[in-house]
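Only one structure is covered here, and it is reproduced in the block below.
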Amino acid sequence: MNLRIGTRRSRLALAQADEVASRLLELGVPSEAVPIVTAGDRGASAVGSLTGIKGLFVGEIVEALRRGEVDLAVHSAKDLPSEDPEGIVVGAVPERADPFDVLVGRSQEVLGPGAVIGTSSLRRQAQLRRFHPDFEVVPLRGNVDTRLRKLESGQVDGLVLAAAGLHRLGVTPPSFRPLPLEEMVPAPGQGALAVQVRADDAATMEVVKRLDHARSRQAFDAERSLVGALGGGCSLPLGAYAERREAGVRLLAVVLRPDGSDLLWAQAEAPSPGQVALEVARSLMAGGAEEILRAARGS
């Protein structure tokens, strides 16, 4: 059995596919990456898309999987819409990498008041403005390599990036500081990989499920379920972090306006990922999260 892995063409996506391929090889199963250009890679707009910006980076890969052109698909878990497409399931969530963000600078000098920090994420923008009001936060798009080049060229003084992405790319910036949970709650699914398979492909499912890491899977399920309970959609000023505890799963989440105001947070612990997601969603909605998220979706 030589499995074909559907993946985006970016350097990070190929590194993620290679990570899964290495895990498969440890099981004695060879595989090969099949790079696919997605609508998001071509610069398509999320306007009118049922799955928002997330769907732009997975749609073509899912269709290739559905047609049988690939046997499995590897995605950053945070790129997945909150619901599985018909006939497709997440067969495994391998052990999660570092889920947190880091603040990256050009030099060892501490980023002080007035520093220009670039990020296109509403979640990161909102939390930076809330907890670091002395920074000037500006939009900055592009993949990790592009953003690092813009940092080096002086377009910005700093970046907020996912620790897992830097690690998977083998990149060690000259200056970086991990951002603790108190300053920056990560995106739902950040640091985790999701391996999709066809629901009717029993042979591939049997192999892929051996990659599943129980603690990482429960965290992924809780965070993804929360996104679904809050209405899913495109990239939102929503942070969520779950971890398995003795009594079940603990989930912490925050919702903020993009300008950093109206911070809402909720935390709960429950026996199952679905239950804890529902409890946290109810708490956030009771505090007014629906209006904040609706406004963000319209922006």
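Readers should treat all values here as calculations from the given coordinates under stated rules, not as data from a laboratory. Because the structure is predicted, anything quoted here is derived from the model rather than measured. Here the Cβ positions follow ideal geometry from the backbone for every residue, glycine too, while neighbour counts run over all protein chains shown.
Could you give me D for the range 213-299, from Stokes-Einstein at 20 °C and 1.002 mPa s, where the hydrodynamic radius is the Kirkwood radius over C-alpha pairs? Units µm² s⁻¹, please.
Using the Kirkwood radius from Cα pairs, D works out to 167 µm²/s.
Relative to the Cα centre, what is the charge dipole magnitude of the range 213-299, using +1 at the beta carbon of each Lys and Arg, -1 at the beta carbon of each Asp and Glu, and rounding to the nearest 20 debye?
The calculation lands at about 220 debye.
Note the angle between two axes, namely the Cα long axis of helix 11-26 and the longest principal axis of the Cα atoms of the chain, as a number of degrees from 0 to 90, rounded to the nearest 10.
It is inclined by approximately 40 degrees.
Putting +1 on Lys and Arg Cβ atoms and -1 on Asp and Glu Cβ atoms, find which of Val58, Ala286, Ala92 reaches farthest to the positive end of the dipole of the chain.
Comparing the listed Cα positions along the dipole, Val58 ranks first.
Taking the dipole about the Cα centre of the chain, with the C-beta of Lys and Arg at +1 and of Asp and Glu at -1, give me whichever of Leu251, Ala194, Leu159 is farthest to the positive side.
Comparing the listed Cα positions along the dipole, Leu159 ranks first.
Could you quote the convex hull projected area for the range 142-299, Cα atoms only and averaged over all directions, in nm²?
In nm², the orientation-averaged hull projection of the range 142-299 is 11.7.
Counting Lys +1, Arg +1, Asp -1, Glu -1, what net charge surrounds Ala92 among other residues with beta carbon under 15 Å of its beta carbon?
Net charge around Ala92: -1.
Of the labelled options (i) 49, 49, 40; (ii) 56, 45, 41; (iii) 66, 39, 34, which one gives Cα extents along the principal axes in Å as computed for this structure?
Label of the calculated value: (ii).
Using the Cα centre of the chain as the reference point, and only Cβ charges (+1 on K/R, -1 on D/E), how large is the resulting charge dipole? Debye, rounded to the nearest 20.
380 debye
Between Glu136 and Ala64, with labels modelled 7 Å along Cα→Cβ, what's the label distance in nm to one decimal, could you check?
4.2 nm
Could you tell me the relative contact order of the chain? Use alpha-carbon pairs under 8 Å, at least six residues apart, and round to a whole percent.
20 percent
Of the DSSP beta bridges with both residues in the chain, give the percent that are antiparallel, rounding to the nearest 5.
75 percent
With springs only between Cα atoms under 10 Å, which of Glu83, Glu182, Glu63 fluctuates most in a Gaussian network model of the chain?
Glu182
Tell me the Kirkwood radius of the range 101-178: reciprocal of the mean inverse pair distance over distinct alpha-carbon atoms, in Å.
12.3 Å
Suppose only helical runs count, i.e. DSSP H with n ≥ 4. What mean residue ellipticity at 222 nm does that imply for the chain under -39500 (n - 2.57) per run, divided by all residues and rounded to the nearest 500 deg cm²/dmol?
That calculation yields -10000 deg cm²/dmol at 222 nm.
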